[in-house]
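Enquirer: Dumping the structure here so I can ask a few things about it.
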Amino acid sequence: MAELSFFAGTMDCGKSTLALQMDHNHRARGRAGLIFTRLDRSGEAVLSSRLGLETPAIEVATDLDIWEAVVAHLTAGGRVDYLICDEAQFYTPGQVEQLARIVDELDIEVFAFGITSDFRTELFPGSRRLIELADRTQVLQVSALCWCGRRATHNARVVDGVMVVEGEQVVVGDTADPDHVAEVEYEVLCRRHHMRRMSSQAARAAAQSADVLPFDLDACPVPPRG
Ligand SMILES: [Zn+2]
């Protein structure tokens, strides 16, 4: 019986590496799969990992009907035993529903990989729909650490060195001011330092300027919601 499986994690949790490994394992057993991704870090229609591995993939544009794509592949005589769907947080809720239909009606195994929540700690729409529909959701073991040494469970966006918790969910280029292109970086933090907006850079600055270390939570209170 095919299942819709969602492997959820933070950034830097090695999910793309796991997706590639999953594809390799199934291929080694003589099974055939299709690989989908969206806005891969390489900027091309490939599934790539931080370790430098990569494989061609189908780009999940907003208007792609994944159900139609798979049916077309089957109709053309192709074989599909499973789908690997990376960066699934960026899929639309409708595309996630197509994945569920592929499992139920075509009996094709679907392995989806995605980041659970964005830099505001809010669920991505694609991840929300996967949590709602998946036969099983597995939270990936976090290997990344916050600067304080705790498990890094939350994604932070740092713009020009300052952590922000407001803004567009996905930044696609910065064309607002041609004279100043903001430097957007991401960092993984533990929840307590995410809520206190204490990125590694802020922590270093605080440690240099204060008598108390930023490990002391009283030194970095949670800012009021604004
Ligand atoms: Zn921390």
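The values are calculated or read from the model by the stated rules, or taken from the named source; none is laboratory data. Please read all numbers here as calculations on a predicted model, not as lab measurements. All Cβ positions, glycine included, derive from the backbone under ideal geometry; neighbour counts span all protein chains shown.
Enquirer: Considering only residues that are within 13 Å of the ligand (Cβ to nearest atom), under 20 Å from Phe90 (Cβ atoms) and among the hydrophobic types (A, V, I, L, M, F, W, C), which ones fall in region 150-171?
Expert: Within region 150-171, just Ala156 meets the criteria.
Enquirer: Quick check on region 123-149: of everything there that is without any contact (Cβ under 8 Å) to a residue 24 or more places away in the chain and more than 16 Å from the ligand (Cβ to nearest atom), which residue is surrounded by the fewest Cβ atoms within 10 Å (Cβ to Cβ)?
Expert: The selected residue is Glu132.
Enquirer: Let me ask something else about it. From the list Arg50, Arg31, Arg27, Arg79, pick out the single residue that is at pLDDT below 95 and farther than 18 Å from Met11 by Cα.
Expert: Going through Arg50, Arg31, Arg27, Arg79 in turn, just one is at pLDDT below 95 and farther than 18 Å from Met11 by Cα: Arg27.
Enquirer: Among the residues of region 36-50, is any on the phi < 0 side of the Ramachandran plot, assigned by the TED database to the domain that holds Glu132 and either touching a residue at least 60 places away in the same chain (Cβ under 8 Å) or in a helix (DSSP H, G or I) (or both)?
Expert: So far as region 36-50 goes, no, none of its residues is on the phi < 0 side of the Ramachandran plot, assigned by the TED database to the domain that holds Glu132 and either touching a residue at least 60 places away in the same chain (Cβ under 8 Å) or in a helix (DSSP H, G or I) (or both).
Enquirer: While we're here: Could you look through region 197-210, keep only residues that are within 23 Å of the chain's Cα centre (by Cα) and crowded, with 20+ Cβ neighbours inside 10 Å, and pick out the one that is nearest to the ligand (Cβ to nearest atom)?
Expert: Going through the qualifying residues, I end up with Met198.
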